[in-house]
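Read-outs throughout are calculated quantities, based only on the coordinates presented, and are distinct from any laboratory measurement. Computed from a predicted structure; not experimentally measured. When we count neighbours, we look across all protein chains shown, and the Cβ atoms used for this are built from the backbone with ideal geometry, even at glycine.
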Ligand SMILES: [Zn+2]
């Protein structure tokens, strides 16, 4: 599951820093979920409506997913089930691209490419646990 965390919120003390990813284009522009800074600025100065920003950013995420699905799958793996993954941003208030990113990721989680990957992994784990005798003999 994904948690949004911004500087305006109090950081839960028990959160492992390894579970926090900053997806701000100012603080971590190389992150796969960081939009171009200029889009955030266009949103803030009213040049882009939230609706337009959302569509454009979702389209960007789709393109990035096509180019590098593993980067998205890694985020889904890290937040599978009850495992928490926190997204931090530079913003203090207002609509944030993280909401769009989480929505995109949660939809992706339910779709065939990721479901198939999880099914393959589950099958591989099942195959491994059923062959301890072979492993012992082979040693
Ligand atoms: Zn933000």
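Show that you can apply the helix-only estimate: for the chain, add -39,500 (n - 2.57) for every DSSP H stretch of four or more residues, divide by all residues, and state [θ] at 222 nm to the nearest 500.
Estimated from H runs of four or more residues: -17000 deg cm²/dmol.
Using a Förster distance of 35 Å, how high is the FRET efficiency between residue 111 and residue 38, based on the Cβ-Cβ distance and rounded to 0.05?
The value I calculate is 0.70.
Please give the length that would be gained between residue 15 and residue 52 if that part of the chain were fully extended, namely 0.36 nm times their separation in residues minus their C-alpha to C-alpha distance (nm, one decimal).
Working it through step by step, the gained length comes to 9.9 nm.
Could you list, bin by bin from short to long, the percent of Cα-Cα pairs of the chain in 10 Å steps?
The distribution over the chain is 10, 36, 29, 14, 7, 3, 1, given as percents.
Which one, 63, 76, 120, has the greatest fluctuation when you compute a Gaussian network model over the chain with C-alpha springs under 10 angstrom?
Maximum fluctuation in the GNM of the chain, among the listed residues, is at 120.
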